[in-house]
């Protein structure tokens, strides 16, 4: 009961995932990313340990198709799951198990994977792809959010959504964006609100990870004529 967009920025190599589902706390189970290794989405009957295993395989140099094949070979419940993998070199692979509930499927593009299950129709995947590819010059996190909103606006999944998440990594060993809405009547809209508030702070928090002498966030933003809008 999930729809997801996975993407890689061709210019920077940044990797990201945006996802929404009717289940609670989707951010803890579906999206998995490791810098300089790759991005993984484990969906439908999500098994968090598969995400960790996939990242291990990617770190060992395995490419996306080989990772998907290895996960399926070692999982007796593979037909109940959906898998998406993008490796650090930009190879992509996905699989939708035969026991996923309709509509379930995935679309693989040049730099993205759109996938979902229990969707109102395949047109949701088309909308997600359109949202991601509409403006390739925008930052990856903006494109992921636009894709997630497009999927929601196209009808999303049967029963609606309750949680959503956005995860983006660059070359460093920490997330540049890691935002979650664990329970909300309109989680994609709430994720958008949080993202818009957080976006001016992205470079600040990335800098503070490596430089503890930076001033407090509000002071740092004020010097740049910016402020956090918590409304």
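A few notes on this one:
- Among (1) over 21 Å from residue 26 (Cβ atoms); (2) part of a loop (DSSP other than H, G, I, E, B); (3) in contact with a strand residue (DSSP E or B) (Cβ under 8 Å, 6 or more places away or on another chain) - the single one residue 103 does not satisfy: (1)
- Filtered residues of the range 28-66 (kept if in contact with a helix residue (DSSP H, G or I) (Cβ under 6 Å, 6 or more places away or on another chain), within 26 Å of residue 157 (Cβ to Cβ) and in a helix (DSSP H, G or I)): 50, 54
- Test: residue in the range 71-81 that is touching a residue at least 12 places away in the same chain (Cβ under 8 Å), assigned to a helix (DSSP H, G or I) and buried (at least 22 other Cβ atoms within 10 Å of the Cβ): yes
- With respect to the stated conditions, residue 113 fails to be modelled with pLDDT of 95 or more, within 15 Å of the chain's Cα centre (by Cα), closer than 19 Å to residue 93 by Cβ and part of a helix (DSSP H, G or I).
- Residue within the range 163-186 that is part of a helix (DSSP H, G or I) and surrounded by 15 or more Cβ atoms within 10 Å (Cβ to Cβ) present: no
- Complete set of residues in the range 82-106 that are surrounded by fewer than 20 Cβ atoms within 10 Å (Cβ to Cβ), within 19 Å of residue 14 (Cα to Cα) and in contact (Cβ under 8 Å) with a residue 40 or more places away in the chain: 90
- Only a single criterion out of (1) closer than 22 Å to residue 128 by Cα; (2) surrounded by 24 or more Cβ atoms within 10 Å (Cβ to Cβ) is not satisfied by residue 25, namely (2).
- Flag if residue 203 is modelled with pLDDT under 95 and either in a helix (DSSP H, G or I) or surrounded by fewer than 19 Cβ atoms within 10 Å (Cβ to Cβ) (or both): yes
- Residue match in the range 210-229 (condition: over 20 Å from the mean Cα position of the chain (by Cα) and within 26 Å of residue 132 (Cβ to Cβ)): yes
- Evaluation of residue 206 against the conditions (1) farther than 30 Å from residue 110 by Cα; (2) in contact with a strand residue (DSSP E or B) (Cβ under 9 Å, 6 or more places away or on another chain) shows that the sole unmet condition is (1).
- Qualifying positions in the range 206-231 - in a helix (DSSP H, G or I) and without any contact (Cβ under 8 Å) to a residue 12 or more places away in the chain: 207, 208, 218, 219, 222
The values are calculated or read from the model by the stated rules, or taken from the named source; none is laboratory data. Please read these numbers as outputs of a predicted model, since none were measured by experiment. Ideal geometry is used to build each Cβ from the backbone, glycine not excepted, and the neighbour counts take in all protein chains shown.
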